[in-house]
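One structure below.
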Amino acid sequence: MEKDRMICNCNIIHEDVVNEIRRHMPEEEKLYDLAEFFKVFGDGTRIKILCALMNSEMCVCDIAALLDMKQSAISHQLRVLKQARLVKYRKEGKMVYYSLDDDHVKNVFDQGFNHINHR
């Protein structure tokens, strides 16, 4: 049995509220982009990589060692994170170092983490 289940039993549409909210709704394409953005956070490995990169920039070898995974698997996830503009890289000779793209990424991560820890 569900607790605190609320059902609206009215048949009256509050057109003023609906119209006001409709005016402020973002474009459909923007909402789709936002949904795609949050899908990237839906993978445990990518979350672990982001968490690691919040502390320091790292190369693929280091991330693979940290997460006890193959470098190819880490590279694949880093590619997804790069496409979503969540991580960036810099080259130093033959080495490639990854870091968070900007402070927005840390803020999104922190907000999500704060939300799940809030009780």
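No lab work stands behind these numbers, since they all come straight from the coordinates. Worth saying up front: this structure is predicted, and the values here are computed from it rather than measured. Cβ coordinates were reconstructed from backbone atoms using ideal geometry, including for glycine residues, and neighbour counts include every protein chain displayed.
Table for the structure above
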item: Any hit, the range 23-41, residues being surrounded by 11 or more Cβ atoms within 10 Å (Cβ to Cβ), at negative phi and in contact with a helix residue (DSSP H, G or I) (Cβ under 8 Å, 6 or more places away or on another chain); result: yes
item: Lone unmet requirement of (1) surrounded by 12 or more Cβ atoms within 10 Å (Cβ to Cβ); (2) within 16 Å of Phe38 (Cα to Cα); (3) more than 11 Å from the chain's Cα centre (by Cα) for Ser99; result: (2)
item: Of all residues making up the range 96-119, the number that are farther than 13 Å from Cys51 by Cα and in contact with a Phe, Trp or Tyr (Cβ under 9 Å, 6 or more places away or on another chain); result: 2
item: Matching residues, the range 46-70, being loosely packed, with under 13 Cβ neighbours inside 10 Å and basic (Lys, Arg); result: Lys70
item: Filtered residues of the range 71-95 (kept if of a type in the set (A, V, I, L, M, F, W, C), buried (at least 16 other Cβ atoms within 10 Å of the Cβ) and farther than 11 Å from Ile49 by Cβ); result: Ala84
